[in-house]
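Asker: This is the structure I want to talk about, given as structure tokens.
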Amino acid sequence: MEKIYKQCQSCGMPLNKDKKGGGSEKDGTLSKKYCSSCYQNGEFKNPNMSIKEMQKLVDDILKNEIKFPKILRWLAVKQIPKLARWKK
């Protein structure tokens with residue numbers, strides 16, 4: 001059985017908050033693992049992005065666009081290395 005993900009396994013965004021419903025696979029179906037901001041047509045939009053760059057991007061978005069308090073931003077950024085894209 002396929003695993004159901006509640007959040008993007010690249011950036012951590014809750015998939016139910018993705019306006020497009022998720023990223024897209026090569027065949028056009030919705031990705032069950034990644035959001036539309038990270039993943040399109042079966043590949044990452046920024047394939048060479050480092051984990052540190054992703055953490056900074058997420059922190060900046062949560063700070064400037066969503067206005068999350070610092071502690072919540074820290075918690076969100078801290079869990080990024082545990083997501084499927086970044087696990088080695």
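Asker: I'm checking my understanding of the structure. Among residues of region 17-34 that are without any contact (Cβ under 8 Å) to a residue 12 or more places away in the chain and among the hydroxyl-bearing types (Ser, Thr, Tyr), which one is farthest from residue 52 (Cα to Cα)?
Answerer: 29
Asker: Criterion first (over 21 Å from residue 2 (Cβ atoms) and exposed (fewer than 14 other Cβ atoms within 10 Å of the Cβ)) does residue 48 satisfy it?
Answerer: yes
Asker: Please enumerate the residues belonging to region 21-47 that are over 23 Å from residue 59 (Cβ atoms) and part of a loop (DSSP other than H, G, I, E, B).
Answerer: 21, 25, 26, 27, 28, 29, 31, 32, 41, 42
Asker: Let me ask something else about it. What residue, of 51, 66, is of a type in the set (Val, Ile, Thr) and under 12 Å from the mean Cα position of the chain (by Cα)?
Answerer: On the way: 66 fails: under 12 Å from the mean Cα position of the chain (by Cα).
Being of a type in the set (Val, Ile, Thr) and under 12 Å from the mean Cα position of the chain (by Cα) holds for just one of 51, 66, which is 51.
Asker: Take region 48-88 and flag every residue that is in a helix (DSSP H, G or I) and among the basic types (Lys, Arg).
Answerer: Residues satisfying the conditions are 52, 56, 63, 70, 73, 78, 82.
Asker: I'd like the full set of residues that are surrounded by fewer than 20 Cβ atoms within 10 Å (Cβ to Cβ) and in contact with a Cys (Cβ under 7 Å, 6 or more places away or on another chain), limited to region 14-28.
Answerer: 18
Asker: Can you pull out the residues in region 1-16 that are more than 19 Å from residue 55 (Cα to Cα) and not in a loop (DSSP other than H, G, I, E, B)?
Answerer: Across region 1-16, the qualifying residue is only 16.
Asker: Another question, if that's okay. So is residue 31 surrounded by 11 or more Cβ atoms within 10 Å (Cβ to Cβ) and under 23 Å from residue 88 (Cβ atoms) or not?
Answerer: Criteria met by residue 31.
Asker: Right, here's the next one. Scan 40, 7 and give me the residue that is touching a residue at least 24 places away in the same chain (Cβ under 8 Å) and surrounded by 12 or more Cβ atoms within 10 Å (Cβ to Cβ).
Answerer: Matching residue, one of 40, 7: 7.
Asker: Scan region 38-59 for residues that are under 18 Å from residue 18 (Cα atoms) and of a type in the set (D, E, K, R) and jot them down.
Answerer: 43, 45, 59
Asker: Listed residues 82, 63; which is modelled with pLDDT of 95 or more, more than 11 Å from residue 10 (Cα to Cα) and either in contact with a helix residue (DSSP H, G or I) (Cβ under 6 Å, 6 or more places away or on another chain) or surrounded by fewer than 17 Cβ atoms within 10 Å (Cβ to Cβ) (or both)?
Answerer: Going through 82, 63 in turn, the sole match is 63.
The values are calculated or read from the model by the stated rules, or taken from the named source; none is laboratory data. Note that this is a predicted model, so its numbers are computed, not measured. When we count neighbours, we look across all protein chains shown, and the Cβ atoms used for this are built from the backbone with ideal geometry, even at glycine.
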